[in-house]
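**Student:** The structure's right below; bear with me while I get my questions together.
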Amino acid sequence: MELSIAGYILPAAFILDLVLGDPIILPHPIRWLGRVITAGEPFFRNLNLRLSISGAIFAVSLIAGTWTLTFVLIKTAQCIHPLVKAGAEILILYYCISIRSLESSAMAVFRALSQTRLDDAKAKVSLIVGRDVENLNPDGISRATVETVGENLVDGVISPLFYAAMGGAPLAMAYKMINTLDSMIGYKNDKYQDFGKVAARIDDIANFIPARISILVISVAAKILTGHGARTFQTALTEGVNHTSPNAGYSEAAFAGALGVRLGGPNYYHGRLVSKPYLGVPFKQINRNHIKKACDLMMLSALIWMVVLVIILCFLSILIR
């Protein structure tokens, strides 16, 4: 890995996200990925193949295509000037991480709950969770918000930075296509049970290592913020495996241990009750104040992870010179 990635590209992208977030007025490549998925799905569904096979071809083609397109873009920028290449990498990686937008979305729910605007809180939380929100009470809304902050710390920060460190902007963008595919077609319902199976499995594989790294990162952040680093680590290890997802449970359980709250449990998705185990069973009931604490924990965890990556990459770059 080039020293520039460690020295200033990752930190610059990180700072840019903290400053700008995700303004609606700016074009966003991740939204473009979603449009490509929507546009391409009918064609691959109509192939004269089993749905699981056509879905696999669909997923692999889009992931490989995203990597290739980004690689060509970076190489073209390099041919123009090294500074153009650096600027392109910073901009692409900025689009791959979502620290500020995650914090802003969660805090919007917190403010609505603080002002007892329950319908507004439901509307805002529906934008960041997949469950049905119509019958959620304030504590249920708070629980949904904290859970999505914990889960998206991995999807929106730890994993993109992990793949950026390993393979620069092309690999980070390929990961974002993997993640977007999973969020759009990785459902276990009648429509996507077969077609989205491979996309969901690829996402599970891609997040396997980052999800487990998150245990350490969140535990360090929790030690600094709450003094409960050991409890965070233990809860993540013992209860994270109980989650229906092979990855999401670890960061959510870590948040449960850090905040001392009970997360998880049954939820309705598209009108169907889905039973999920509780995480942090011995802990207290959640309330809206834990949303703010979860955001603080997420922000510090993101900063710790970025600093760790920069140190590791700088050290490796010096070693291989």
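**Student:** Counting Lys +1, Arg +1, Asp -1, Glu -1, what net charge surrounds Arg50 among other residues with beta carbon under 13 Å of its beta carbon?
**Tutor:** For residues surrounding Arg50, the net value is +1.
**Student:** Can you pull out the trypsin sites (Lys or Arg not before Pro) in the stretch 71-107 whose DSSP state is coil and whose Cβ has at most 12 other Cβ atoms within 10 Å?
**Tutor:** Qualifying residues, ordered by number: none.
**Student:** May I pose another question? What do you get when you divide the Cα radius of gyration of the stretch 202-253 by 2.2 N^0.38 Å, with N the number of residues?
**Tutor:** 1.11
**Student:** Take the chain, connect every pair of alpha-carbon atoms lying under 10 Å apart with a spring to form a Gaussian network, then pick out the residue of Met184, Met298, Met107 with the largest mean-square fluctuation.
**Tutor:** Result: Met184 has the largest fluctuation of those listed.
**Student:** Could you work out [θ]222 nm for the chain from helices alone, using -39500 (n - 2.57) per DSSP H run of at least four and dividing by all its residues? Round to the nearest 500 deg cm²/dmol.
**Tutor:** -24000 deg cm²/dmol, from helical runs alone.
**Student:** Taking the Cβ of Asp296 as the centre, find all other residues whose Cβ is under 15 Å away and add up their charges (Lys, Arg: +1; Asp, Glu: -1).
**Tutor:** With Lys, Arg at +1 and Asp, Glu at -1, the neighbours total +4.
**Student:** For the chain, which longest stretch is free of loop sites, where a loop site is one of the GluC sites (Glu not before Pro) that DSSP puts outside H, G, I, E and B and that has at most 14 other Cβ atoms within 10 Å?
**Tutor:** Result, exposed sites excluded: 135-321.
**Student:** Report Rg/Rh for the chain, rounded to two decimals, where Rg is the Cα radius of gyration and Rh the Kirkwood radius.
**Tutor:** Here Rg/Rh amounts to 0.97.
**Student:** So which trypsin sites (Lys or Arg not before Pro) in the stretch 176-233 pass both tests, a DSSP loop state and at most 13 other Cβ atoms within 10 Å of the Cβ?
**Tutor:** Within the stretch 176-233, the qualifying trypsin sites (Lys or Arg not before Pro) (loop, at most 13 other Cβ atoms within 10 Å) are Lys188, Lys191.
**Student:** Quick test of the membrane-span-like rule: which DSSP H helices of the chain reach at least 30 Å along their long axis (C-alpha atoms) with mean Kyte hydropathy at least 0.5?
**Tutor:** 51-80, 197-225, 289-320
**Student:** Pairs of lysine in the chain with Cα under 15 Å and at least 8 positions apart or on different chains: total?
**Tutor:** Pairs that pass both the separation and distance tests number 5.
FYI, it's all coordinate maths here, none of it is from the lab. Given the structure is predicted, the values throughout are model-derived calculations rather than measurements. Here Cβ is always computed from backbone atoms with ideal geometry, including for glycine, and neighbour counts include all displayed protein chains.
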